[in-house]
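Visitor: What follows is a single structure, and I will ask about it in a moment.
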Amino acid sequence: QEELKIGIIAALSGGGTAWGLSLQRGVQIALDEVNQQGGLKVAGKTYTLKSVAYDDQYNAAQARTAAERLVNQEKVKIIFGPVGSPGALGSLPVTQPAKVLQFVDGYAPAILKNEWKGAYIFRVGNSNREFAEPIVKWIKQTMPEIKKVGMIVPNDATGQAAVPILAEAYKKHGYEVWTEYYERGSKEFTPLLVRMMSQNVDLFELNSNAPGEAGLLVKQARQVGFKGTILQSGGAGIEEAIEIAGPLAEGFLKYDVIDSSLPQVKAFLDVYNKKYSGIMGGLAPVYYNATHIVLEAIRRADSLDTSKIRDEIEKLGGYEAPIFGKVIWTGKDDYGVDHQLFHAFLIKEVKDGKGIVKTIVTSQ
Amino acid sequence: MFSQTVLAQVIVNGIGLSSIYILVALGFTLLFGIMRVVNFAHGAFAMLGGYALYFVYGVWGVPYIIAAPAAALAVATSALVLERLVYRHFYQKMFQSMIGLLGLDMVLMFTAVLLWNAHERSVPPAISDILQIGGVIIPADKLLIAAVAMATLLAFYLFTHYTRYGLAMRAAAQDVEIAKAQGVNTATIYRLAFFIAIFMAALAGGFYAQTYALSPLMGERPLMMAFIVVILGGMGSIPGVALGGLLLGFSESFLSTFYGGSTSVFVSFGVVILLLIFRPWGLLGTPEE
Amino acid sequence: MNTRNATAQPIETLPGATSRTPARKRNIVAIAVLAGLAALLVLPLIIVERFALTISIMVFITAIAAASLHLIIRTGHISLGHAAFMGIGAYVSAYTTMKLGVPFGLAIVLAFAAPAALALIIGPLVLRLTGKYFVLVTFLLGEIIRMIFVEWGSVTGGGNGIFGVPAPSPVFLEPMAFYYLALGFAILIIGFIARILTSEVGRTMDAVRESEQLAKCSGVPVLWLKVTIFALGCGLAGIAGALQGHFLRYIDPTSFSIIQSLNLVVMNVIGGMYTLIGPLIGTVFLVVLPELLRGYVELQRILFGIIIILVMAFFPGGLADFGRKAVAGLGKRMKARGQP
Amino acid sequence: MTRLLQVSALTRRFGGLTAVQDLTFDVGEREILGIIGPNGAGKTTAINLVSGVIQPSGGKVVFGGQTITGLPAYRLARKGLVRTFQSTTVYGERSVRENALRGAYLSLYPGFFNTVFNSAKARKMRARTEDIVDELLAWLSLTSVAHAAAGSLPYGYQKTLGLAITLASRPRLVMLDEPVAGLSAEEADHIRDTILKIRSRGITVIVVDHNMRFIKGLCDRVLVMNQGHELAMGSPAEVLANPKVIEAYLGRGHAAAHTN
Amino acid sequence: MPLLTLTNVQVHYGQIRGTHDVSLSVEEGEILALVGSNGAGKSSTLKAILGMVAYPVGSIIFNGADLHKLQPSDIVRLGVGYSPEGRRVFPQLTVIENLRMGAFTRPAQEHAERIEQMYAYFPRLRERSGQMAASLSGGEQQMLAIGRALMSRPKLFLLDEPSLGLAPIIVERIGDILEEIRQTEKLTVILAEQNSHWAMHLASRAVILELGRSIKTGPTSELLLDESVRSAYLGV
Ligand SMILES: Nc1ncnc2c1ncn2[C@@H]1O[C@H](COP(=O)(O)OP(=O)(O)OP(=O)(O)O)[C@@H](O)[C@H]1O
Ligand SMILES: Nc1ncnc2c1ncn2[C@@H]1O[C@H](COP(=O)(O)OP(=O)(O)OP(=O)(O)O)[C@@H](O)[C@H]1O
Ligand SMILES: CC(C)C[C@H](N)C(=O)O
Ligand SMILES: [Mg+2]
Ligand SMILES: [Mg+2]
């Protein structure tokens, strides 16, 4: 049996460690599954899948060298990651001319909209473009009394890319929006919350904050006496936020990607919990899902030629992926290429310390 | 915007922030003052303090009054191994210590990632009451931290200025060889200072994790704040730590409430730079030759 | 007089302490440098692997930055904001080439001038500060500059940075070509720095670092000297930043943060702070070692940390110092063997 | 005789303490002036004030006809006014010759670009300075240790080297703070002879020390300070016989020749 | 039996030898002068007694105890006081704190009285008691260094170049003070000095060091008459 190397670029140190680890684990679980079933059959050969994971320290220069090494030394044809815009943008100049398929998650539009026209790159998680609109609509329907929205935003690539889109969506539907940026890494938000509350906002929108920060914001907002609704559009992983906010998380509404009552999701969770301890990061299921999509495309192409695989991926619409179900590719309007995965998402509400599914949004 | 309750809230937040900064900075300044060691692993010990409290209090349910000091004690005691293995190579070597301990910081942080994963968790609060006095909201745990910070500061000052060993520590900080010639066993003094410093870092880390969140990387920000507070106040000066901590805590609270988060960072960093330009040896430090 | 001479103990002669390097030693150094350069020139012809080229290019660029910091360190000031000055160079050159259509050559000049000018303005204020106070102030300054990169979105692209920075010319999209470009810059700039350090300016810088008071009394305009060197160092860092931008074709604020500044300091200390070879060794160490560890995923940072601790604990003078001692020890042993 | 240095009403306060008060004196070309006085009388402070190391609270210093009050030390050095420090100050890790070369900064430095690009001018200047320095080392009998690290030298050599560094800048006036403290009688004599030789080159000297034998054998005039003031001024013989000086400074056992 | 005996002590600083062969002994209550030119090994000898430098060869016996394996802190506890060459006061401690450091090995209740005694010896220190030692004049620092060493009520007092930088009148006073304490507290003193005139007049016996060897020992009254000593060390 031959070995097929699959590349992973993930932040395994630095600010994005939590994201990087869950990316790597999501991919690994999917690869393990295939290997246990005897490997991947392509063009008459059976391959054992082996991951090669390199750290990008959530930094463009490191992502570049990691990509260079995966592409030119390890000779991989497929790379999962990195997560986050700096790494994704840093690695593009290596992977795209080399026709290496890359599956990233990061909010910067330039990831898909660039000089290579996004040829060999796919974004495998919803970005704000995909979910902002439906969420705002849902709020309008279910909570008509809300007039003013407040956002406290990390002043980094993620915040700066995501929030304008979200704010635009709110404004389009007639909401007043107040935003305030903070430096990544701050933990004390009370001053900003006091500031926000004097604006009389009805809805506190946690946007693209990392789960830990989101939890802190919920906790501190309640501690300073914020009585309105708190909701987060975007980000993944409600458990971590609940863990941080504790009892003060009651009633918190949050975007999420997995419905653990579905049997295929449950199966994945079981495997994850057996293999790793602690709370699962939201990117693990996203990348588990993505890996299966890619492997399916390879099977269908029955070739390791990346152009052929890419074409198959593009044609994969309707394939039942293990976590998100039917694959839908979008993005032509925004990025000029349909390489954006749109997947169903949920809004959960915290009740008795658990995230309960409130609604499922599939497609427009 | 400038209503009385908001102003009062600003003050409450300022006290809360300052207390944490002061607690973290105290140990840092002690190590620097005495051993000329720039403890870039200080944040990692704060992180370990957080995990210790998480297990002792959060998981095993030991009463808080015992759990908080016991957790810090556990970290400080086990850190003595690192004192033997790592720190003693770096005493009186400022630059080498800076870089070497940066390495230690990495080791501790990523060992924690291996052991406990990178995700954030919370340590249950000691008291979750929220007091409300005339519209001002005061989480009771902030009061607790402020009280502990004040008591520690006072104890620290008294210790270094009015006890034999405190005096000996300061003397050893200035001239090790001559301190020995006064009958001071410097190895003991170093170990004592190290122990106290790590104890304080771990204690502060416990509070920090409890107020905010616990994760392997949580130490970076407290470390940065300690670094600023200590130098601003004047290296090795305990009243300097108090003043630096208060200044930074209050300006952060005030500025971010009234002018927003980014402005706050810009302005307070800018002010620290100006202060140092006009007082090049820190607010309460002494000029050196 | 006789007692004085009689009591004088055997006096140790320090290596490098003499002002005129013995001609033989100078020749050996020159030959070593030339041989090294020749090897670097033919290297890409032997190893055509792109990955090795990329790493080499990053080494050259980073070496320029580390050596420019070394220049400042030699006056006795450790800057913890050096990456921010690199960043200024990177942004200036990206902006002027992309938005103003300035040619690469001129952009590099601007990338030098902009951070140097800023350093000239703030230098007289911050260079009064000694040791750790300077460290803190440059750290804060670096953070402020980085925050300006984040906030000034219309020019810098904010947190998302600037993507698609052009290569100096299409030829340089080929790593092989860029290799020679970066090598050329590194030779020029590091050679220039070496020249400064061995000239009277360098001698005066060492004097200022070792005893500022004594130097002042010999008529050295200490502040003026420090400001000049600081500006020069920051300007050269700007060139390194610009090269990095044109090579990676992407710049963003995280590339010029405190972590990078700290890395530059680490390179100097690990390599050896008070000799130019130090930061060069440090650069190779810090760029190449993580590559060796990259495969260890979760363990790599731990291993890296342990190696740093070991180096600092057992070679406090840095790797250069260790190397020198090893060579000296070897020489002594060989001499001893030669004797009957 | 022109007065090379004129100090008038010089005052310096540290908080509540006045270390130097209304001090007035002058020194003529090629003169050797001694300053003595009890510990804490303000001698070092006075030298620090004149040499620009600290700023005066009041008063005026005129050097070679120019007012130099409060100018920074490096500017004074360019005008030819240089001092040494109370404890030995040499660049300990460097060779003796390198130390002296560093002292020659003023004559050695041909400008940034000249030195960095090693122009003909720079090479010429360097050669000349090296000659001057080598001559200086020979003159001070330091040639035999020229390549030794300064810090490894015996104390007496270090003191002489301190003088060499000072002389390398080719000063008109040097101020020496306790040049023979910690030296044996014989070494003190050697330093005394060196200073007399320095004077013979046309250099004016101000010297502070507690060694009376040394002061007596060296100085033309002696200024005695006490509590920041002038207590007495005159020839060594006059001053040392002055009862006020004996009471405040020398002590009654002075006659017993306890000072070496 | 002598209070202190050094036999063939050879001090090493890494490769460099500080002394080659020093032997001497001190009787209780006497003042012994250690005379020699620069680099002769006076300071090295004192540091060896205090355990601050290594002496792989030789032995030092104090009050019946072998000092070889002991730490400086233990030796101080046995009753050895040390005033180092070049003052080395703690610059960022106040005058009074420096004095209290000197009494580190003594019970706290003794301090106040002893400090008073030091102030009486050196009134200038009382005036400066709250001031940082760094801002004292050179001579004031020397007084502080001596006072600090006396704070521990030593049996044996090692004084390295105490006259350095002191006004003649103070040098004289130090002589008086040493004499007084010698009588009241049976203090034994080893005085290492360049100012050999003064030292030889103060001490009852002297040891002459040359090139790291003790070459002559005897009562000062005799040595002062010795022609070779006179020419080499007294400058006459
Ligand atoms: N920076 C300072 N702050 C406070 N007091 C100071 C400072 N510098 C000097 N003094 C005081 O000023 C007085 C004069 O000091 P100075 O050093 O000039 O004395 P000096 O005559 O040189 O004495 P010595 O012979 O002992 O060296 C001393 O009493 C000293 O304590
Ligand atoms: N720390 C040290 N490292 C290396 N060598 C030293 C050290 N201290 C002293 N020496 C050497 O040991 C020898 C004896 O020095 P020591 O200081 O004991 O002499 P001394 O008689 O006290 O002289 P002085 O009158 O100058 O104080 C000298 O040759 C000196 O160079
Ligand atoms: C899905 C998210 C983890 C992506 C990340 N916040 C980014 O853009 O940059
Ligand atoms: Mg003086
Ligand atoms: Mg000595």
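The values are calculated or read from the model by the stated rules, or taken from the named source; none is laboratory data. Note that the structure is a prediction, hence the values are computed from the model and not measured. Cβ sites come from the backbone with ideal geometry, for glycine too, and all protein chains shown count toward neighbours. Please note that ligands, DNA and RNA were not included when accessible areas were found on the heavy atoms of the full protein model with its side chains. Shrake-Rupley method; radii C 1.70, N 1.55, O 1.52, S 1.80 Å.
A quick yes/no check of all residues on (1) open to solvent by less than 10 Å² (accessible area, probe 1.4 Å); (2) more than 14 Å from chain B (Cβ to nearest Cβ):
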| residue | (1), (2) |
| --- | --- |
| A:Pro134 | no, yes |
| A:Gln141 | no, yes |
| A:Lys147 | no, yes |
| A:Ala162 | yes, yes |
| A:Glu168 | no, yes |
| A:Val177 | no, yes |
| A:Val194 | no, no |
| A:Leu203 | yes, yes |
| A:Asn207 | yes, yes |
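Visitor: Additional query: List the helices (runs of 4 or more DSSP H) that sit entirely inside the stretch A:123-209 and contain at least 3 residues that are under 20 Å from the mean Cα position of the chain (by Cα).
Guide: A:128-142, A:157-172
Visitor: Among the residues that make up the stretch A:38-53, is at least one of them within 21 Å of the chain's Cα centre (by Cα), away from ligand 1 (no atom under 16 Å from the Cβ), modelled with pLDDT under 90 and buried (at least 24 other Cβ atoms within 10 Å of the Cβ)?
Guide: No, every residue in the stretch A:38-53 fails to be within 21 Å of the chain's Cα centre (by Cα), away from ligand 1 (no atom under 16 Å from the Cβ), modelled with pLDDT under 90 and buried (at least 24 other Cβ atoms within 10 Å of the Cβ).
Visitor: Here's a follow-up. Give the stretch E:204-236 a look and list any residue that's modelled with pLDDT under 90 and in a loop (DSSP other than H, G, I, E, B), or say none.
Guide: Those that are modelled with pLDDT under 90 and in a loop (DSSP other than H, G, I, E, B): E:Leu211, E:Gly212, E:Leu224, E:Leu225, E:Asp226, E:Leu234, E:Gly235, E:Val236.
Visitor: Out of the stretch E:128-152, which residues are out of contact with any strand residue (DSSP E or B) (no Cβ under 9 Å at 6 or more places or on another chain) and either among the charged types (D, E, K, R) or within 16 Å of ligand 3 (Cβ to nearest atom) (or both)?
Guide: The answer is E:Glu140, and nothing else.
Visitor: Oh, and also: Any residue in the stretch C:287-300 that's at the interface with chain A (Cβ under 7 Å from one of its Cβ atoms) and under 17 Å from B:Leu104 (Cα atoms): show its pairings with residues that are assigned to a helix (DSSP H, G or I) and at pLDDT below 80 at Cβ separation under 9 Å, as long as the two are six or more apart or on different chains.
Guide: That search, which allows pairs on different chains as well, returns C:Gln300/C:Arg294.
Visitor: Have a look at E:Arg77, E:Arg114 and point out the one that is surrounded by fewer than 17 Cβ atoms within 10 Å (Cβ to Cβ), charged (D, E, K, R) and free of Cβ contacts under 8 Å to residues at least 40 places away in the same chain.
Guide: E:Arg77
Visitor: Among the residues that make up the stretch D:157-165, is at least one of them in the same structural domain as D:Ala73 (by TED's automatic domain parsing) and more than 16 Å from D:Asn39 (Cα to Cα)?
Guide: No, every residue in the stretch D:157-165 fails to be in the same structural domain as D:Ala73 (by TED's automatic domain parsing) and more than 16 Å from D:Asn39 (Cα to Cα).
Visitor: From the residues in the stretch E:116-126 that are within 21 Å of D:Gly42 (Cα to Cα) and more than 9 Å from chain D (Cβ to nearest Cβ), which one is nearest to ligand 3 (Cβ to nearest atom)?
Guide: E:Leu125
Visitor: I need the full set of residues from the stretch C:147-176 which are more than 10 Å from every other protein chain (Cβ to nearest Cβ), open to solvent by 20 Å² or more (accessible area, probe 1.4 Å), of a type in the set (A, V, I, L, M, F, W, C) and assigned to a helix (DSSP H, G or I), in order please.
Guide: C:Val155, C:Val171, C:Phe172, C:Met176
Visitor: Condition first: open to solvent by 40 Å² or more (accessible area, probe 1.4 Å) and among the β-branched types (Val, Ile, Thr). Can you find one or more residues in the stretch E:186-197 that meet it?
Guide: no
Visitor: Could you grab the pairs with beta carbons closer than 7 Å, sequence gap of 6+ or different chains, first residue in the stretch C:121-150 and under 18 Å from C:Met86 (Cα atoms), second one hydroxyl-bearing (Ser, Thr, Tyr)?
Guide: Here the result reads C:Thr138/C:Ser79; C:Gly142/C:Ser261; C:Arg146/C:Ser257; C:Met147/B:Ser262; C:Phe149/C:Tyr91; C:Phe149/C:Thr156, each pair linking the stretch C:121-150 to a residue that is hydroxyl-bearing (Ser, Thr, Tyr).
Visitor: On the basis of being over 20 Å from D:Ile198 (Cα atoms), within 18 Å of the chain's Cα centre (by Cα) and away from ligand 2 (no atom under 16 Å from the Cβ), does D:Phe63 make the cut?
Guide: Criteria not met by D:Phe63.
Visitor: Same structure again: Which of the following residues is at pLDDT 90 or above, more than 16 Å from ligand 5 (Cβ to nearest atom) and under 17 Å from D:Gly103 (Cα atoms): D:Leu196, D:Leu173?
Guide: On inspection, the qualifying residue turns out to be D:Leu173.
Visitor: Quick check on this structure: which one of D:Leu5, D:Leu10, D:Leu17 is open to solvent by less than 50 Å² (accessible area, probe 1.4 Å), hydrophobic (A, V, I, L, M, F, W, C) and within 16 Å of ligand 1 (Cβ to nearest atom)?
Guide: D:Leu10
Visitor: Shifting gears a bit: Working carefully through the options D:Tyr105, D:Tyr155, find the one that is open to solvent by 20 Å² or more (accessible area, probe 1.4 Å) and either of a type in the set (Lys, Arg) or within 7 Å of another protein chain (Cβ to nearest Cβ) (or both).
Guide: Only one candidate qualifies: D:Tyr155.
Visitor: Identify, please: which residue in the stretch A:248-272 is within 13 Å of chain B (Cβ to nearest Cβ) and under 21 Å from A:Asp352 (Cβ atoms) and is, among those, most open to solvent (accessible area, probe 1.4 Å)?
Guide: Top of the filtered list is A:Leu248.
Visitor: Kindly indicate whether A:Thr95 is surrounded by 23 or more Cβ atoms within 10 Å (Cβ to Cβ) and either at pLDDT below 85 or farther than 30 Å from C:Ile144 by Cβ (or both).
Guide: So A:Thr95 passes the test.
Visitor: Return the only residue of A:Ala301, A:Ala290, A:Ala284, A:Ala297 being within 14 Å of chain B (Cβ to nearest Cβ) and either open to solvent by 30 Å² or more (accessible area, probe 1.4 Å) or of a type in the set (A, V, I, L, M) (or both).
Guide: A:Ala284
Visitor: Filter the stretch A:13-37 down to residues that are open to solvent by less than 10 Å² (accessible area, probe 1.4 Å) and in contact with a strand residue (DSSP E or B) (Cβ under 8 Å, 6 or more places away or on another chain) and give me whichever is farthest from the other protein chains (Cβ to nearest Cβ).
Guide: That would be A:Val34.
Visitor: Tell me, please, whether a residue that is open to solvent by 40 Å² or more (accessible area, probe 1.4 Å) and either modelled with pLDDT under 90 or within 21 Å of the chain's Cα centre (by Cα) (or both) can be found in the stretch B:96-113.
Guide: Looking through the stretch B:96-113, none of the residues is open to solvent by 40 Å² or more (accessible area, probe 1.4 Å) and either modelled with pLDDT under 90 or within 21 Å of the chain's Cα centre (by Cα) (or both).
Yes or no, residue by residue, for (1) open to solvent by less than 10 Å² (accessible area, probe 1.4 Å); (2) among the charged types (D, E, K, R); (3) closer than 23 Å to C:Leu141 by Cβ:
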site: B:Leu214; (1), (2), (3): yes, no, no
site: B:Val229; (1), (2), (3): yes, no, yes
site: B:Leu232; (1), (2), (3): yes, no, yes
site: B:Met235; (1), (2), (3): no, no, yes
site: B:Leu243; (1), (2), (3): no, no, yes
site: B:Leu246; (1), (2), (3): no, no, no
site: B:Glu252; (1), (2), (3): no, yes, yes
site: B:Trp281; (1), (2), (3): no, no, yes
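Visitor: Considering only residues that are of a type outside the set (A, V, I, L, M) and under 16 Å from B:Ile22 (Cα atoms), which ones fall in the stretch B:200-214?
Guide: B:Gly205, B:Gly206, B:Phe207, B:Tyr208, B:Thr211
Visitor: Contact list please: Cβ distance under 8 Å, first residue in the stretch A:130-142 and among the aromatic types (Phe, Trp, Tyr), second residue surrounded by fewer than 22 Cβ atoms within 10 Å (Cβ to Cβ) and not in a helix (DSSP H, G or I), pairs at least six apart or on different chains.
Guide: A:Phe131/A:Val361; A:Trp138/A:Thr359; A:Trp138/A:Val361
Visitor: Please list, ordered by residue number, the helices (runs of 4 or more DSSP H) wholly in the stretch D:49-110 having 1 or more residues that are within 23 Å of D:Val20 (Cβ to Cβ) and either in contact with a strand residue (DSSP E or B) (Cβ under 7 Å, 6 or more places away or on another chain) or at pLDDT below 90 (or both).
Guide: Per the criteria, D:73-79.
Visitor: Right, here's the next one. Would you pick out the residues in the stretch B:159-169 that are surrounded by 24 or more Cβ atoms within 10 Å (Cβ to Cβ) and at the interface with another protein chain (Cβ under 7 Å from one of its Cβ atoms)?
Guide: Result: B:Ala168, single match.
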